Amino acid sequence: GIPEVRTKYGTYADCITNEYAIEVEFDYKWKESIGQAIHYAEATNKKPAIAIIKRKDSSVDYIDQVESALNYLNLNIDTFIISE
């Protein structure tokens, strides 16, 4: 994908592919990543996605939290997990 793509609103999507507008974020900031992914998707006419960087030293299962929140509201946001 292409990193740091400027949107029509002047914001910068972390990564744009042919299919996705991807927000990349550390696991503990997953809440912010949902809103940003939706914003970047709308601004670029792409599907929203989140790439969560799972930290080695994380003692909380943030991946479960983000997936539960997305499922609860039936948000169609693809998630990709990246190990630190």
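At-a-glance table
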{"item": "Trypsin sites (Lys or Arg not before Pro) restricted to region 48-84 and DSSP loop, no more than 14 other C-beta within 10 Å", "result": "Arg55, Lys56"}
{"item": "For the chain: accessible area per residue (Å², 1.4 Å)", "result": "62"}
{"item": "Difference of contour (0.36 nm per residue) and Cα-Cα distance, Ser59 to Leu75", "result": "3.2 nm"}
{"item": "Theoretical gain in end-to-end length, Glu84 to Ser68 [0.36 nm per residue, Cα-Cα removed]", "result": "3.6 nm"}
{"item": "Carbon plus sulfur fraction of accessible area for the chain, probe 1.4 Å, in percent", "result": "50"}
{"item": "Distance between modelled label sites at Glu32 and Thr17, nm, 7 Å Cα→Cβ extension", "result": "2.4"}
{"item": "Solution diffusion estimate, µm²/s, Stokes-Einstein, the chain, Kirkwood Rh from C-alpha pairs, 10 °C, viscosity 1.306 mPa s", "result": "124"}
{"item": "Selection of chymotrypsin sites (Phe, Trp or Tyr not before Pro), the chain, meeting DSSP coil and at most 15 other Cβ within 10 Å", "result": "Tyr9"}
{"item": "Candidates per GluC sites (Glu not before Pro) in region 1-69, loop by DSSP, up to 12 other Cβ within 10 Å", "result": "Glu19"}
{"item": "Dipole moment magnitude, nearest 20 debye, the chain about Cα centre, only Lys, Arg, Asp, Glu C-beta charged", "result": "240"}
{"item": "Acute angle (nearest 10 degrees) that the helix 30-44 long axis makes with the longest principal axis of the chain, alpha-carbon atoms", "result": "20"}
{"item": "Whole-angstrom gap from region 5-30 to region 39-84, using each part's C-alpha centre", "result": "12"}
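The values are calculated or read from the model by the stated rules, or taken from the named source; none is laboratory data. Nothing here was measured: the structure is a model prediction, and the numbers come from that model. Cβ sites come from the backbone with ideal geometry, for glycine too, and all protein chains shown count toward neighbours. Note: accessible area is taken over every heavy atom of the protein model, side chains too, but ligands, DNA and RNA are not part of it. Shrake-Rupley method; radii C 1.70, N 1.55, O 1.52, S 1.80 Å.
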